[in-house]
Amino acid sequence: MKLYAAIDLHSNQQTLVVLDEQDRQVHRRRLPNVLEGVLGELAPFQRELEGVVVESTYNWYWLVDGLMAAGYRVHLANTAALEPYEGLKHGDDDSDARWLAHCLRLGLLPEGYIYPRETRPVRDLLRKRAQLVRQRTADILSIENLTSRNTGVQINGNRVKQLTVEEVRQQYGQEDLALPVESTLAVIEVLD
């Protein structure tokens, strides 16, 4: 008999569901996020499992790696591309896990790419860099807006990057206006 498993993954717990070929629930368990517990729950079904779907959440690495190392065929569900079935009466973890297993069984599961373990640190580093660049840009725009709003003077990003603390104190005069600009310039300097 073919079986299909799915895991609705959260920050500290998960819901595991195993379905058979007729979409009957063979097994269901809510588990803490501990790999040994998940492997123990899946072990009795391993030979019949066609695959295990893991919901692509922010914390999937450990679970996918552990399942793959234990010999399971793992599918990473691209939940952004997965349309929920409008006929579902419940929207809880159990029904979400059942829906993922159902989509796997039907061959309709939109899958995300499982980045190789070796390249994930570079991917995460690039994501962090992009986040810091966005933060730096937001800080520069913040100074531009504060300047325009309080002084009527237009200042561009290149000029913001050249500002010194002395210039800020002279230009803004009031300490309560200068302090936010000085603080933001310090943050920009760190981000540079």
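Name the residue that is modelled with the lowest pLDDT, counting only residues in segment 43-60 that are of a type in the set (S, T, N, Q) and more than 16 Å from L109 (Cβ to Cβ).
Checked segment 43-60; the qualifying residue modelled with the lowest pLDDT is N59.
Each row is one residue, and each column tells you yes or no for (1) closer than 27 Å to R127 by Cβ; (2) touching a helix residue (DSSP H, G or I) at 6+ places or on another chain (Cβ under 9 Å); (3) open to solvent by less than 60 Å² (accessible area, probe 1.4 Å); (4) of a type in the set (K, R).
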| position | (1), (2), (3), (4) |
| --- | --- |
| I7 | yes, yes, yes, no |
| Q22 | no, no, no, no |
| L63 | yes, yes, yes, no |
| N78 | yes, no, yes, no |
| A101 | no, no, yes, no |
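Are there any pairs, at least 6 apart or on different chains, whose C-beta atoms fall under 9 Å, with the first in segment 147-171 and over 12 Å from E182 (Cα atoms) and the second acidic (D, E), and if so, which?
Qualifying pairs under 9 Å: Q154/E144; I155/E144; N156/E144; G157/E144; R159/E144.
Among the residues of segment 8-50, which ones are of a type in the set (G, A, S) and either more than 26 Å from the chain's Cα centre (by Cα) or on the phi > 0 side of the Ramachandran plot (or both)?
G40, A43
Among (1) open to solvent by 70 Å² or more (accessible area, probe 1.4 Å); (2) under 30 Å from D65 (Cα atoms), where does P110 come up short?
So the condition that P110 fails would be (1).
List every residue pair whose Cβ atoms sit under 7 Å apart, with the two residues 6 or more apart in sequence or on different chains, where the first one lies in segment 113-138 and is open to solvent by 90 Å² or more (accessible area, probe 1.4 Å) and the second, anywhere, is among the acidic types (D, E).
R117/D65
The values are calculated or read from the model by the stated rules, or taken from the named source; none is laboratory data. Computed from a predicted structure; not experimentally measured. Every residue, glycine as well, gets a Cβ built from its backbone with ideal geometry; the counts of neighbours run over all protein chains shown. What goes into the accessible areas is simple: the full protein's heavy atoms, side chains included, and nothing from ligands, DNA or RNA. Shrake-Rupley method; radii C 1.70, N 1.55, O 1.52, S 1.80 Å.
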